[in-house]
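The values are calculated or read from the model by the stated rules, or taken from the named source; none is laboratory data. Quick caveat, the model's predicted, so the values are computed rather than measured. Neighbour counts are summed over all protein chains in view; Cβ atoms, including those assigned to glycine, are modelled from backbone coordinates with ideal geometry.
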Amino acid sequence: MNYIKKSAGLTLIELLVTLAVVAILISFGGPKLAQYSEKNRVVAQVNKISGGLSAARSEAIKRGVNVTVCGSTNSTDPVPACDTSQWELGWIYFSDENNDGDFDNGTETLLGISEPLAGGLTMRSSDFDAADKVRFMPNGTVRDTDGDGDSDGTFTVCTIDGDQTKARAVNVNTLGRSSIARDSNNNNIVEDVNTNSVTCP
């Protein structure tokens with residue numbers, strides 16, 4: 001008796017239906033996936049700056065010297081400099097032995113760096129001081145680099161579209177402690193150290 005083996009392939013109609021279903025799923029799921037990925041990038045950067053600030057504070061306490069954190073466009077160079085208020089371009093922290101707010105190679109120690117942010121994210125600081133730097137004292141508190149007294153402030157990370165509701169932030173109090181910003185008034189925008197809604201560039 002002869003048996004005819006049937007093909008296990010798809011018919012043209014089955015293939016077209018499958019492609020149509022896949023296209024529909026992608027059209028609905030694609031934007032959500034992109035939003036999820038964008039949110040994760042923002043959260044990751046907020047966690048990174050929070051960890052960096054905590055590390056800088058710990059170094060100030062451990063070493064018994066002032067530690068300055070500043071934005072830097074050449075953070076990965078052998079001798080980086082404090083030269084930007086656009087923190088998304090990179091940042092550094094170092095032992096500020098002479099308290100001038102600038103990294104002096106040879107006499108001061110570079111303690112940490114961060115490369116530029118990816119994905120079009122922005123990161124800006126607010127309220128710290130006119131020099132846009134953060135100085136941790138040997139007791140862990142934050143002082144401004146202008147010498148005017150105690151200081152506190154906020155680091156805000158925003159998406160490329162500048163949507164405040166997508167922004168996340170880290171608040172630093174005068175004791176030098178960092179905390180993730182919250183939305184206490186339920187308007188879908190997190191609040192800075194002064195309880196004002198954060199803004200984006």
> Got a sec? Which of N98, N173 is at pLDDT 90 or above and farther than 26 Å from N187 by Cα?
Replying inline: N98
> Regarding I113, is this residue over 19 Å from G153 (Cβ atoms) and in a strand (DSSP E or B)?
Replying inline: yes
> Taking the stated definitions as given, is D150 within 30 Å of K166 (Cβ to Cβ) and of a type outside the set (F, W, Y)?
Replying inline: no
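When only residues in region 127-175 that are polar (S, T, N, Q), in a loop (DSSP other than H, G, I, E, B) and farther than 20 Å from E97 by Cα count, which is farthest from the chain's Cα centre (by Cα)? Write out each step before concluding.
Start the filter on region 127-175 by keeping residues that are polar (S, T, N, Q), which leaves 139, 141, 145, 151, 154, 156, 159, 164-165, 171, 173-174.
Adding the requirement that they be in a loop (DSSP other than H, G, I, E, B) leaves 139, 141, 145, 151, 159, 173-174.
Still in the list and also farther than 20 Å from E97 by Cα: 159, 173-174.
Values: T159: 10, N173: 18, T174: 20 Å.
Going through the qualifying residues, I end up with T174.
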>> Scan region 98-108 and tell me whether some residue there is farther than 17 Å from R57 by Cβ, of a type in the set (A, V, I, L, M, F, W, C) and touching a helix residue (DSSP H, G or I) at 6+ places or on another chain (Cβ under 7 Å).
In response: no
> Somewhere in region 176-193, is a residue among the charged types (D, E, K, R), at pLDDT 95 or above and outside any loop (DSSP other than H, G, I, E, B)?
Replying inline: yes
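Is there a residue in region 75-87 that is closer than 24 Å to I180 by Cα, in contact (Cβ under 8 Å) with a residue 24 or more places away in the chain and in a helix (DSSP H, G or I)? Reasoning before the result, please.
Quick first cut of region 75-87, residues closer than 24 Å to I180 by Cα only: 84-87.
So of that shortlist, the ones also in contact (Cβ under 8 Å) with a residue 24 or more places away in the chain come out as 85-87.
Restricting the remaining residues to those that are in a helix (DSSP H, G or I) gives 87.
Yes: region 75-87 contains one or more residues that are closer than 24 Å to I180 by Cα, in contact (Cβ under 8 Å) with a residue 24 or more places away in the chain and in a helix (DSSP H, G or I).
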> Is at least one residue of region 134-142 of a type in the set (S, T, N, Q), touching a residue at least 24 places away in the same chain (Cβ under 8 Å), out of contact with any helix residue (DSSP H, G or I) (no Cβ under 6 Å at 6 or more places or on another chain) and within 23 Å of V190 (Cβ to Cβ)?
Replying inline: no
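Under the condition of being of a type in the set (K, R) and within 11 Å of the chain's Cα centre (by Cα), which residue from region 40-93 is modelled with the highest pLDDT? Give the steps one after another, and end with the answer.
Step one: of region 40-93, the residues of a type in the set (K, R) are 41, 48, 57, 62-63.
With within 11 Å of the chain's Cα centre (by Cα) added as a condition, the list becomes 41, 48.
Details: R41: 89, K48: 93.
For region 40-93, the residue satisfying everything is K48.
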> Quick one: how many residues across region 107-137 are of a type in the set (D, E), surrounded by fewer than 17 Cβ atoms within 10 Å (Cβ to Cβ) and either more than 19 Å from F94 (Cβ to Cβ) or touching a strand residue (DSSP E or B) at 6+ places or on another chain (Cβ under 7 Å) (or both)?
Replying inline: 1
> What about R124, is it touching a helix residue (DSSP H, G or I) at 6+ places or on another chain (Cβ under 8 Å), at pLDDT 90 or above and either more than 19 Å from D152 (Cα to Cα) or basic (K, R) (or both)?
Replying inline: yes
> If you scan region 175-201, which residues turn out to be more than 20 Å from D129 (Cα to Cα) and either surrounded by fewer than 13 Cβ atoms within 10 Å (Cβ to Cβ) or without any contact (Cβ under 8 Å) to a residue 40 or more places away in the chain (or both)?
Replying inline: R182, D183, S184, N185, N186, N187, N188, I189, V190
